[in-house]
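Step one of this worksheet: look at the structure below.
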Amino acid sequence: MSIMEELKYKSVSELRKALLNREISAKELVDTSYSRINEVEDKIQAFNSLTKDLAYETAKEVDNKIKSNSDIPLLAGIPIGIKDNMCINGYCTTASSKILENFVPPYDATVVKKLKENLIPIIGKTNLDEFAMGSSTENSAFKKTTNPWNPNKVPGGSSGGSAACVSAGEAVISLGSDTGGSIRLPASFCGIVGLKPTYGRVSRFGLIAFASSLDQIGPFGRCVEDVALTLQAISGHDPSDSTSINQPVPDYTAGLKKDIKGLKIGVISELLGDGIDNDVKSSIQASIKQFENLGAEIEEISLPLNKYAIATYYIIATAEASANLARYDGVKYGYRTKDPENIMEMYAKTRAEGFGDEVKRRIMLGTYALSSGYYDAYYKKAQQVRALIRRDFEKAWEKVDLLISPTCPSTAFEFGSKVDDPLSMYLMDIATITANLAGIPGISLPCGMDSNNLPIGLQMLGPVLSEETLLRTAYQFEQSTDFHKINPNI
Ligand code: GLN
């Protein structure tokens with residue numbers, strides 16, 4: 001077996017052991033990632049660009065430290081992919097939009113700074129739905145990322161590239177962003193673990209904004225421990241992000257092995273009824289039994305406002321997007337139309353040519369919701385419902401420690417099957433969106449396969465800053481099942 005074959009689905013702790021025992025160098029690990037990319041990227045199309053200089057520079061630093069017997073951070077040398085909406089100084093950052101096609105940021109996002117400090121080699125920028133708007137990655141202006149489990153299916157979105165590259169063994173871990181489900185949904189479709197942290201746990205500085213009150217960066221990995229380690233590396237207070245939480249970061253791996261006896265888990269009743277595929281439903285029911293076997297107490301919990309989540313989200317998210325995207329006018333960033341007659345035409349044509357259909361749809365919806373005369377009826381009302389959704393959760397936490405549901409009503413769908421029907425695409429986020437509206441953390445992890453051999457995702461939600469409990473519960477579930485051991489055959 002080639003070294004590449006041996007390494008492609010290894011966990012962080014296994015790779016770290018090999019690094020410290022000098023069975024492999026950090027440079028060879030990066031080589032391994034790039035040869036895997038060479039091997040499968042034609043099919044997967046997970047990356048918008050590769051950042052080879054940066055990756056090898058970091059690997060060299062790791063190898064020098066190992067040679068001189070210096071300590072290295074926990075994730076040093078572990079190849080990571082990052083979503084192409086996070087800025088790296090000197091490397092193209094596009095948000096998969098034509099309007100930013102050649103944009104090279106002059107600074108690092110805080111998460112990128114942290115990856116560099118932790119000596120984690122960034123191997124490339126991953127594909128996404130344009131400006132993170134979508135659930136399938138089909139809205140990218142550049143390419144079509146495929147699901148490693150089945151090339152006819154979408155990888156989920158909007159962080160489809162980040163999920164696919166980890167699932168396909170091109171990177172060990174990756175970062176995505178989640179505004180309404182964009183980490184959890186693709187994690188579910190690609191059969192890996194994805195975590196959306198509490199709003200403010202991870203700095204948004206240098207993340208290209210979609211909807212600022214909902215956006216949050218988080219990790220993907222093939223197992224819970226890898227996700228816990230990655231979250232550890234990127235979390236923390238950041239004075240450059242005024243919404244960042246100023247509280248110490250706990251050791252996310254320390255408690256993983258503690259059992260979950262007596263933990264109270266609520267099953268969201270609204271998310272196990274109509275509209276959920278049968279295979280998904282039965283996997284979740286089997287998971288509930290598994291949690292009982294592990295000693296958890298299960299109770300049904302109703303979140304009556306769940307039915308307003310999508311409508312609320314699509315007013316708030318589009319309103320914020322319309323404001324955030326006003327900056328792309330052909331003057332300050334990226335693309336500008338050729339030979340405009342005057343400045344108004346320059347603005348109009350730049351935006352008409354630079355943005356894709358979904359982005360335009362959202363700018364129009366958001367502008368409408370914020371316009372005078374409609375503001376109270378739509379935006380203000382949505383903010384009120386948002387407060388009630390948050391209260392729904394507060395009430396639930398009086399009874400249970402965590403809530404579970406499917407991550408998505410279905411498994412990965414066919415390319416093209418929802419692009420002409422935005423509403424059916426929006427419905428993919430029915431289970432994930434409330435966490436963003438309430439600012440709480442959520443994780444998706446593999447819990448089964450459907451009859452077409454596509455992965456099924458289990459979602460767990462917890463109160464603000466309950467990441468440790470979420471990770472521990474996910475770890476205990478994972479270790480008692482085999483789903484994380486199955487890899488796609490590519
Ligand atoms: N699918 C949702 C949307 O299209 C969520 C996207 C996201 O989380 N970035 O807005």
Practice prompt. In square nanometres and to one decimal, what's the mean projected area of the convex hull around the Cα atoms of segment 264-329?
Written response: 6.8
Fill in: Residue-by-residue Karplus 3J(HN,Hα) for segment 315-327, coefficients 6.51, -1.76, 1.60, Hz, glycine and proline x
8, 5, 5, 6, 4, 5, 5, 4, 6, 5, 8, 5, 6
Worksheet item: With each pseudo-label sitting 7 Å past Cα toward Cβ, what's the residue 364-residue 420 distance in nm, one decimal?
Response: 1.8
Worksheet item: With a ≥ b ≥ c the root eigenvalues of the C-alpha gyration tensor of segment 357-409, is it rounded (a/c under 1.5), prolate (a/b larger than b/c) or oblate?
Response: oblate
Discussion item. Which one, 104, 359, 38, is farthest towards the positive end of the dipole of the chain when Lys and Arg carry +1 and Asp and Glu -1 on their Cβ?
Written reply: 104
Discussion item. Suppose a student asked you for the relative contact order of the chain, using Cα pairs under 8 Å spaced at least 6 residues apart; what percent would you report?
Written reply: 17
Response to the item:
One finds, for residue 246 and residue 390 with R0 = 22 angstrom and r their Cβ-Cβ distance, a FRET efficiency to the nearest 0.05 of 0.60
Worksheet entry | Two-decimal ratio, the chain, of alpha-carbon radius of gyration to 2.2 N^0.38 Å | 0.92
Response to the item:
Any residue on another chain or 5+ positions along whose placed amide H is under 5 Å from the amide H of residue 301 is listed here as 267, 268, 269
Item to complete: Have a look at segment 201-277 and give its Rg and Dmax from the Cα atoms, expressed in angstrom.
Response: 16.5, 45
Practice prompt. Give a residue-ordered list of calculated ³J(HN,Hα) values for segment 107-120 (Karplus: 6.51 cos²θ - 1.76 cosθ + 1.60, θ = phi - 60°; whole Hz; x for Gly, Pro).
Written response: 7, 9, 4, 4, 4, 5, 4, 5, 4, 5, 4, 8, 6, 9
Worksheet item: In whole Hz, what ³J(HN,Hα) sequence does segment 151-161 give by Karplus (6.51, -1.76, 1.60; θ = phi - 60°), x for Gly and Pro?
Response: x, 8, 10, 6, x, x, x, 8, 7, x, x
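Provide, as a two-decimal number, the C-alpha radius of gyration of segment 319-449 over 2.2 N^0.38 Å, N being how many residues it has. Walk me through the numbers on the way to the answer.
Numbers: Rg = 19.6 Å, N = 131, 2.2 N^0.38 = 14.0 Å.
Dividing the Cα Rg of segment 319-449 by 2.2 N^0.38 Å gives 1.39.
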Practice prompt. List the relative contact order of segment 98-231 as a percent without decimals, with contacts defined as Cα pairs under 8 Å and 6+ residues apart.
Written response: 22
Worksheet item: Amide H to amide H under 5 Å from residue 49: which residues, 5+ apart in sequence or cross-chain, H placed 1.01 Å off N in plane?
Response: 125
Item to complete: Pull out the extension gain between residue 399 and residue 376, defined as 0.36 nm times the separation in residues minus the alpha carbon to alpha carbon distance; nm, one decimal.
Response: 4.9 nm
Practice prompt. Determine the distance separating the Cα centre of segment 416-490 from the Cα centre of segment 232-247; give it in Å without decimals.
Written response: 25
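If the chain between residue 479 and residue 52 were fully stretched, how many nm would it gain, using 0.36 nm times the residue separation less the Cα-Cα distance?
Separation in residues times 0.36 nm, less the Cα-Cα distance, equals 150.2 nm.
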Worksheet entry | Using a Förster distance of 25 Å, the FRET efficiency for residue 6-residue 74 (Cβ separation, nearest 0.05) | 0.70
Worksheet item: Among the GluC sites (Glu not before Pro) within segment 1-95, which fall in a DSSP loop and have no more than 11 other Cβ atoms within 10 Å of their own Cβ?
Response: 23
Response to the item:
Given Cβ charges of +1 for Lys and Arg and -1 for Asp and Glu, the option among 221, 304, 273 whose Cα lies farthest towards the positive end of the dipole of segment 215-344 is 221
Practice prompt. Quick one: grab Rg to one decimal and Dmax as a whole number for segment 161-290, Cα atoms only, in Å.
Written response: 16.2, 47
Worksheet item: Given the pairs 83/113; 43/418; 381/418; 360/381; 98/381; 98/125, which span a C-alpha to C-alpha distance of over 25 angstrom in this model?
Response: 381/418; 98/381
Worksheet item: For 320, 170, 398, 300, what ranking results if the residue with the fewest other Cβ atoms within 10 Å of its Cβ goes first?
Response: 398, 300, 320, 170
Worksheet entry | Histogram of C-alpha separations across segment 103-246, 5 Å bin width, % | 2, 12, 21, 24, 22, 14, 5, 1, 0
Discussion item. Which log10 I(q)/I(0) values does segment 291-339 give at q = 0.20, 0.26, 0.27 Å⁻¹ under the Debye formula, counting every alpha carbon as one identical point scatterer?
Written reply: -0.82, -0.95, -0.97
Discussion item. Which of 237, 484 has the fewest other C-beta atoms within 10 Å, and how do the rest follow up to the most?
Written reply: 237, 484
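Each reported figure results from applying straightforward, stated rules to the coordinates on display, with no laboratory input. These numbers come from a predicted model, not from an experiment. Glycine gets a Cβ as well: all are built from the backbone with ideal geometry, and neighbour counts include every protein chain shown.
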